[in-house]
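Undergrad: Mind looking over this structure? Questions follow.
The values are calculated or read from the model by the stated rules, or taken from the named source; none is laboratory data. Fair warning: this is a prediction, and the values are worked out from it, not measured in the lab. Heads up, the Cβs are rebuilt from the backbone with ideal geometry, glycines too, and the neighbour counts pull from every protein chain shown.
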Amino acid sequence: MLAAALACCCIGAQAHQFHLAITELSFNPNTGSTEIVHTYMAHDIEALLANLYQRQFDLSVPQDEAILRVYIDKQFWVLAEDQRRLPLRWLGLSVNRESVVIYQEIERSPLSDVAQIHNAVLIDFIAEQTNTLNVNEKSIIKTLIFDRKKLDQRLR
């Protein structure tokens, strides 16, 4: 019984050591926009915001969502071939116990307009953070991995 309890504790401790996020980029032909969906571990976002602002956050409150939005805008952006930032429109988020999912889009812009991506979300806060970005272009998926050593990557 004690061995089983210790095993569960160790598994829980190890699981907490994994700090990862997944972002999906894809073109929506119905809207003519490039859609961006970020998925983060809820406890990592909660810890980040509590550390930055020394208080608890409720992301269902518009003011708290706005604070997260400012942080995301500073840490994630996409560039066109001419190195100008493409405007990201914040569509909203959904939150549950396990994850925070953020929805953005590049309005009326095909995925082919994206030349480079900067993804430092949570990497400034958690040294071991790894952000995986999957680009789904014409049913071909390209994966980019962002970490402390690789914050900027070319898509094309």
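Undergrad: Here is a list of conditions, (1) in contact (Cβ under 8 Å) with a residue 24 or more places away in the chain; (2) part of a strand (DSSP E or B); (3) touching a Phe, Trp or Tyr at 6+ places or on another chain (Cβ under 9 Å), and PHE146 meets all of them except one; can you say which number that is?
TA: (3)
Undergrad: Taking GLU65, is it in a helix (DSSP H, G or I) and touching a strand residue (DSSP E or B) at 6+ places or on another chain (Cβ under 7 Å)?
TA: It is true that GLU65 is in a helix (DSSP H, G or I) and touching a strand residue (DSSP E or B) at 6+ places or on another chain (Cβ under 7 Å).
Undergrad: Next question, about the same structure. Residues that are over 20 Å from GLN129 (Cα atoms), assigned to a loop (DSSP other than H, G, I, E, B) and modelled with pLDDT of 95 or more: does the stretch 88-99 have at least one?
TA: Yes, the stretch 88-99 has at least one match.
Undergrad: Let me ask something additional. Restricting to the stretch 100-131, name every residue that is part of a loop (DSSP other than H, G, I, E, B), within 16 Å of GLU24 (Cα to Cα) and β-branched (Val, Ile, Thr).
TA: Once the filter is applied, which keeps residues that are part of a loop (DSSP other than H, G, I, E, B), within 16 Å of GLU24 (Cα to Cα) and β-branched (Val, Ile, Thr), the stretch 100-131 yields VAL114, VAL121.
Undergrad: Moving on to the next point. Which of the residues belonging to the stretch 37-68 are crowded, with 18+ Cβ neighbours inside 10 Å and under 14 Å from VAL121 (Cα atoms)?
TA: Of everything in the stretch 37-68, those that are crowded, with 18+ Cβ neighbours inside 10 Å and under 14 Å from VAL121 (Cα atoms) turn out to be HIS38, TYR40, MET41, ASP44, ILE45, LEU48, LEU49, LEU68.
Undergrad: Residue check, ILE140 against (1) surrounded by fewer than 13 Cβ atoms within 10 Å (Cβ to Cβ); (2) at pLDDT 95 or above, all met but one. Which one?
TA: (2)
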